[in-house]
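Only one structure is covered here, and it is reproduced in the block below.
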Amino acid sequence: MNKEYPIEKQIEDLKQQIRHHDYQYYCLDNPEISDFEYDKLFKQLQKLEEENPMFITADSPTQRVSGSALSTFKQVKHTTPMLSLDNSYSMEDVLAWNERIKKIVDNNEDIEFIVEPKIDGLSASLTYINNSFVSGATRGNGKYGEDVTENLKTIKNIPLKLLLNNKLVLCEIRGEVYINKKDFQQLNENLVDLEQPKFANPRNAAAGSLRQKNPQITAQRKLSFLVHSFGQISGLELNNHSDFFKFCSQIGFPIQKDIKVCKNIKEVTNFLMYLQENRDNFPYEIDGAVVKVNSYKLQKIIGYTNKSPKWAIAYKFPARQATTKLLSIELQVGRTGVITPKATLTPVALSGVIISNATLHNFDEIERLNVNVGDDVIIERAGEVIPKIIKVAKKNSKGFFLPPLNCPSCNSKIFKEDDDVYYNCINPSCPAQFRRKLIHFVSRDAMNIDGFGEVVVDQLLKLNKLHTFADIYKLTFDDLMLLDLFKEKKANNLLQAIFDSKKQPLNKLIFALGIRHIGEKSAQILADKFSNIDNFILATKDDLLSINEIGPILVQSILDFFKNKETLNMIEELKILGINTIEPQKDTSFLPLANKTFVLTGELSTLTRQDAQNLILSFGGKTTSSVSKKTDYIIVGENPGSKYQKAISLGIKILTEEEFKKLINR
Ligand code: IVH
């Protein structure tokens with residue numbers, strides 16, 4: 001052992017470094033090191049802890065996903081109740097509240113307020129003892145909540161140890177657990193791939209994920225946390241809520257960006273309007289704003305009812321709802337045969353956009369809503385771009401809309417497992433499925449054939465040119481010239497894109513094949529494991545089951561997929577046509593800048609040239625010295641050279657140093 005630098009101290013130093021970088025990355029959105037460097041630190045810590053398990057502590061960054069699955073959550077009593085908020089729905093309500101509290105304070109002077117966006121998630125209380133996170137609970141009924149400690153630990157922006165030198169005996173931080181809109185969409189897409197029911201809105205997704213019995217699943221859901229209040233904090237004396245936020249920031253907690261201290265109620269109402277108008281620009285759903293009296297002394301004077309503080313009020317934004325008519329329910333067949341209903345509506349304006357379609361999720365949902373064609377319906381947007389029907393406003397129809405018995409595309413009989421909400425067409429030659437499979441195969445995240453959109457797929461199908469994926473690679477210039485609006489240049493470009501796609505790594509091909517339940521992540525794992533398509537095809541059930549991340553449903557689906565002789569013939573044909581079926585040894589294609597070419601010009605202010613080049617490389621991109629049509633981005637610093645002009649004339653994407661940093665934000 002190194003006497004000068006004992007293992008325990010090495011571990012402690014690494015933990016501190018990682019905590020610092022977690023805070024920079026997850027709370028401040030301002031990473032100081034690359035993913036690669038971060039992973040290096042993390043692996044170093046993991047290795048030292050593995051070799052010296054006696055030094056593993058519960059608050060180590062390596063211990064985020066450590067709990068085992070539970071059958072029930074323990075009930076816990078909150079030290080101080082978690083209250084709710086009084087709601088208001090108009091500026092008049094807020095002004096009236098201001099008048100009421102002014103009377104209690106008995107002072108004619110303006111009260112100082114703090115206004116925070118109201119995050120649409122669920123409340124949680126985090127308990128730290130001697131600076132370490134020890135337990136956490138949901139709000140529950142306000143008095144008692146559920147112990148979700150292990151699940152909260154998986155949320156990356158919750159510190160497991162406070163960034164404080166002196167020890168706080170007890171510190172209870174309260175805030176909202178939520179999911180970003182982008183992550184919500186992604187989660188729902190993944191659930192559809194897994195043929196599991198989607199979440200109706202981000203709040204349900206956050207609640208469902210936090211209340212998962214298995215922390216491993218919570219860890220996969222990208223939950224986040226933002227502070228809004230506190231329970232007990234020993235020995236801390238603060239004068240106002242804005243100081244509390246400053247304190248939280250210092251000790252490593254994530255704080256909302258759009259919080260404003262307002263000197264008077266006019267500033268409050270202005271800021272409320274601003275938040276309302278900008279709600280769509282938030283990365284997470286906000287359903288209103290919370291106005292709080294900033295001074296703790298005044299809060300104490302104003303006091304509480306037994307349900308909520310009188311010194312705070314929630315201003316709820318008007319619901320993003322509209323009433324319209326359900327014109328028809330169309331049945332869509334997905335690439336794996338799942339049949340989903342889609343509502344066509346009389347076009348209606350909803351928060352600035354014209355809406356003419358809505359999701360109905362599945363046939364159980366139609367039954368639950370008791371909705372049918374001709375009814376007036378209320379639609380709502382909640383986190384998703386496509387709105388959903390939330391209820392019937394006026395029943396105009398008679399009878400029920402029944403799930404189909406036959407596939408709307410191929411007319412074959414439809415199947416549904418008893419415990420499943422989805423109806424499936426299982427005909428492997430169903431044209432609608434094949435159409436969706438083709439669209440998936442050529443899509444950006446799969447074989448990435450630029451210019452091969454839905455319109456091209458539809459026309460080629462009509463021309464009878466596509467019967468298997470392999471047919472894509474047999475298309476000729478003359479075939480493409482038959483397509484609408486295709487002239488020589490466009491046809492050649494598409495031929496080139498088809499040709500280029502032959503080089504896609506194996507993981508993209510596996511994903512493109514559209515094997516049921518195999519998303520991009522599983523495709524990458526399988527490609528890494530088997531390195532070429534033949535090994536993958538020949539893999540036995542045991543081979544597949546031995547891969548940690550690949551569960552029995554996926555294994556069965558892979559085995560079923562390769563049982564089909566036509567599939568195997570098609571893959572052989574792909575090989576003969578020159579499609580790559582190998583995963584490159586050191587695959588960087590999953591990195592955010594993969595296949596992107598950068599040019600640097602001018603002086604950067606926070607990075608040296610070398611730093612910038614290394615960053616680009618470590619994120620999978622490459623740099624060249626001159627600008628050409630193949631350049632994807634040019635990063636422009638102070639006093640740029642002639643490359644800048646050339647990039648402008650070629651229409652190349654121009655990035656400032658800040659924009660570049662944003663691009664590589666993990
Ligand atoms: S303050 C005593 N601030 O809204 C009040 N709550 O409707 C403590 N919420 O249970 C909460 N954003 O879950 C506060 N900026 C914010 C909030 C917020 C969301 C939730 C919280 C609370 C619920 C009340």
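The values are calculated or read from the model by the stated rules, or taken from the named source; none is laboratory data. Please read all numbers here as calculations on a predicted model, not as lab measurements. As a convention, Cβ positions derive from the backbone with ideal geometry for all residues, glycine included, and neighbour counts pool all protein chains shown. Keep in mind that these areas ignore ligands, DNA and RNA; they rest on the heavy atoms of the full protein, side chains included. Shrake-Rupley method; radii C 1.70, N 1.55, O 1.52, S 1.80 Å.
Annotations
- Selection count, the range 287-318, where residues are open to solvent by 20 Å² or more (accessible area, probe 1.4 Å) and either among the hydroxyl-bearing types (Ser, Thr, Tyr) or within 13 Å of the ligand (Cβ to nearest atom) (or both): 10
- Per-region count, the range 326-358, residues of a type outside the set (A, V, I, L, M), open to solvent by 30 Å² or more (accessible area, probe 1.4 Å) and over 17 Å from LEU405 (Cβ atoms): 11
- Qualifying residue in the range 54-71 (condition: open to solvent by 80 Å² or more (accessible area, probe 1.4 Å) and among the hydroxyl-bearing types (Ser, Thr, Tyr)): yes
- Residue in the range 599-612 that is open to solvent by 40 Å² or more (accessible area, probe 1.4 Å), in contact with a Ser or Thr (Cβ under 9 Å, 6 or more places away or on another chain) and either farther than 24 Å from GLN496 by Cα or of a type in the set (Asp, Glu) (or both) present: no
- Residues satisfying the stated conditions in the range 645-655, i.e. surrounded by 14 or more Cβ atoms within 10 Å (Cβ to Cβ) and either among the β-branched types (Val, Ile, Thr) or more than 35 Å from the chain's Cα centre (by Cα) (or both): LYS646, ILE652, ILE654
- Screening the candidates LEU485, LEU466 for the property of being surrounded by 14 or more Cβ atoms within 10 Å (Cβ to Cβ), of a type outside the set (S, T, N, Q) and over 32 Å from the mean Cα position of the chain (by Cα) yields one hit, LEU466.
- Residues of the range 546-558 that are without any contact (Cβ under 8 Å) to a residue 40 or more places away in the chain and surrounded by 14 or more Cβ atoms within 10 Å (Cβ to Cβ): ILE547, ILE550, GLY551, LEU554, VAL555, GLN556.
- LYS198 vs. criteria open to solvent by 50 Å² or more (accessible area, probe 1.4 Å), out of contact with any strand residue (DSSP E or B) (no Cβ under 9 Å at 6 or more places or on another chain) and either more than 16 Å from the ligand (Cβ to nearest atom) or modelled with pLDDT of 90 or more (or both): no
- Residue in the range 156-166 that is more than 16 Å from the ligand (Cβ to nearest atom), in a strand (DSSP E or B) and under 19 Å from PRO81 (Cα atoms) present: no
- Candidate set: the range 68-95, residues that are out of contact with any strand residue (DSSP E or B) (no Cβ under 6 Å at 6 or more places or on another chain) and among the small types (Gly, Ala, Ser); chosen: the one farthest from the ligand (Cβ to nearest atom): SER68
One line per residue, one yes/no per condition, for (1) over 19 Å from LYS662 (Cβ atoms); (2) hydrophobic (A, V, I, L, M, F, W, C); (3) touching a Pro at 6+ places or on another chain (Cβ under 8 Å); (4) touching a residue at least 40 places away in the same chain (Cβ under 8 Å):
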| residue | (1), (2), (3), (4) |
| --- | --- |
| ALA612 | no, yes, no, yes |
| LEU617 | no, yes, no, no |
| TYR633 | no, no, no, no |
| VAL636 | no, yes, no, no |
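- Residues satisfying the stated conditions in the range 221-236, i.e. modelled with pLDDT of 90 or more and either open to solvent by 60 Å² or more (accessible area, probe 1.4 Å) or farther than 26 Å from SER66 by Cβ (or both): LYS222, HIS228, SER229, PHE230, GLN232, ILE233, SER234
- Of all residues in the range 108-123, those that are outside any strand (DSSP E or B) and more than 9 Å from the ligand (Cβ to nearest atom) total 5.
- Yes/no for ASN98 being outside any strand (DSSP E or B), under 30 Å from LEU298 (Cβ atoms) and either within 15 Å of the ligand (Cβ to nearest atom) or in contact (Cβ under 8 Å) with a residue 12 or more places away in the chain (or both): yes
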